[in-house]
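S.K.: Pasting in a structure now, in structure tokens, and then I'll have a few things to ask.
Every number here is computed from the coordinates shown, using simple stated rules; none is lab data. None of these values were measured; they are calculated from a predicted model. For neighbour counting, all protein chains shown are included, and Cβ atoms are generated from backbone atoms with ideal geometry for every residue, glycine included.
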């Protein structure tokens, strides 16, 4: 079956300019892949890799995309599959040689459609009516929506022209008072053990510690302190419209985001009555695994640089000795 008539392609005049926005709704598979079904033929519901899923989406609208001024894809699915080692690479590589300029995806691993889909119409209006670029449009809409930015971050896979490579960036809301570097703190009542589920964390302070940042929170019932150590790696804090956001670019060569909560975050708790004042010394060991690894790597590079300089100095001294010997021999003759 040719999908063009069902998409209203025949209603567009030959000289009518238009933009194409493909929106898909599906479920993500942990570790990689989206769930796919077909209304045509005998194909059953199945989990397929991201590139195969997008190829099918593009095939269904191929007549529309051929003449569109711009083509973009907007996904409405949780980001469970984005944790997989191949997912992001498959997405960007499948669209690299096409006319598509972007894919926008939510990053939350647990997401309801109603938590996210309501911002898409306004994003499209900013893109196509106001002429904003994708990232500015999303910042204007998602970044100012308390509900949307609370429930999910965004993954941008975008470019300005079809001849360019994609720039891939993860963006999350990151107010230090309750989400340091974009992290979700554990529910306060699960840590303090109180019967009331209304207990909340109260932000006290944050301090730099080498390449790490230590955040201190006290439960609203003053029963317990929690100290959160974060090694930012390549995450960076940006301020927009009076709000804090964290961004991280995808490493194209290693095909990964470098920030991993399992190694870059450490949380310590103390009873509120026993909590001591947070004192940090420059000589103190890094709190996180990633922080300690970074210190070791920095020491290794310094040692390697010192050996290199020592080798160059030895070589220079050797050349100087040979030059002096040659000069002495010439004088003797």
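S.K.: When 105, 167 are ordered from fewest to most other Cβ atoms inside 10 Å of their Cβ, what list results?
M.R.: On the way: 105 26, 167 16.
Neighbour counts put them in this order, fewest first: 167, 105.
S.K.: Moving on. Run the numbers for residue 261 and residue 164: contour at 0.36 nm per residue of separation, minus the present Cα-Cα distance, in nm. List each step's numbers first, then the result.
M.R.: Values: separation 97, 0.36 × 97 = 34.92 nm, distance 3.16 nm.
Taking residue 261 through residue 164 to full extension adds about 31.8 nm, to one decimal.
S.K.: Roughly what would the spin-label model give for residue 234 and residue 298, points 7 Å off Cα along C-beta, in nm?
M.R.: Spacing of the two 7 Å Cα→Cβ label points: 1.9 nm.
S.K.: Express in nm, to one decimal, how much length is gained between residue 70 and residue 270 on full extension, taking 0.36 nm for each residue of separation and deducting their alpha carbon distance.
M.R.: Extra length from residue 70 to residue 270 when fully extended: 66.5 nm.
S.K.: Listed highest first by mean packing, meaning other Cβ atoms within 10 Å per residue, what order do 290-303, 178-191 come in? All intermediate terms of the calculation are to be shown ahead of the outcome.
M.R.: Numbers: 290-303: 13.9, 178-191: 17.7.
Descending packing order for the listed peptides: 178-191, 290-303.
S.K.: Separate question: Taking 0.36 nm per intervening residue step and subtracting the Cα-Cα distance, what contour gain separates residue 48 from residue 130 on full extension? Write out the running numbers ahead of the final one.
M.R.: Details: separation 82, 0.36 × 82 = 29.52 nm, distance 3.61 nm.
Roughly 25.9 nm would be gained on extension.
S.K.: Over region 5-173, what relative contact order in percent results from Cα pairs under 8 Å that are six or more residues apart?
M.R.: Details: 270 pairs, mean separation 34.7, N = 169.
Averaging sequence separation for qualifying contacts and normalising by length gives 21 percent for region 5-173.
S.K.: Beta carbons within 10 angstrom, averaged per residue: use that to sort the peptides 76-84, 144-152, highest first.
M.R.: 76-84, 144-152
S.K.: Fewest first, what order do 202, 171 take by the number of other Cβ atoms within 10 Å?
M.R.: Final ranking by Cβ density, sparse to dense: 202, 171.
S.K.: Given the C-alpha centroids of region 174-215 and region 237-267, what is the distance between them in whole angstrom?
M.R.: If we compute the Cα centre of each part, the gap is 18 Å.
S.K.: Beyond 22 Å, what percent of the Cα pairs of region 165-264 remain?
M.R.: Values: 1882 of 4950 pairs.
I get 38 percent for the Cα pairs in region 165-264 exceeding 22 Å.
S.K.: So if R0 is 45 Å, what FRET efficiency would residue 305 and residue 16 give, r being the distance between their Cβ atoms, rounded to the nearest 0.05? Walk me through the numbers on the way to the answer.
M.R.: Working: r = 62 Å, r/R0 = 1.39.
So, using R0 = 45 Å, E works out to roughly 0.10.
S.K.: While we're on this one: Calculate the FRET efficiency for residue 110 and residue 144 from the Cβ-Cβ distance with a Förster distance of 22 Å, rounded to the nearest 0.05. Show your work: numbers first, answer last.
M.R.: Working: r = 23 Å, r/R0 = 1.04.
Result of the calculation: an efficiency of 0.45.
S.K.: Under 8 Å for C-alpha pairs, at least 6 residues apart: give me the relative contact order for the chain, rounded to a whole percent.
M.R.: Details: 515 pairs, mean separation 35.1, N = 333.
Reported relative contact order: 11 percent.
S.K.: Using only the alpha-carbon atoms of the chain, report the extent along each of the three principal axes, biggest first, to the nearest angstrom.
M.R.: Here the spans come out as 97, 76, 41 Å, largest first.
S.K.: In terms of the ratio Rg/(2.2 N^0.38 Å) built on C-alpha atoms, what value belongs to region 5-173? It would help to have the intermediate numbers written out before the result.
M.R.: Numbers: Rg = 15.8 Å, N = 169, 2.2 N^0.38 = 15.5 Å.
Rg over 2.2 N^0.38 Å, computed on Cα atoms: 1.02.
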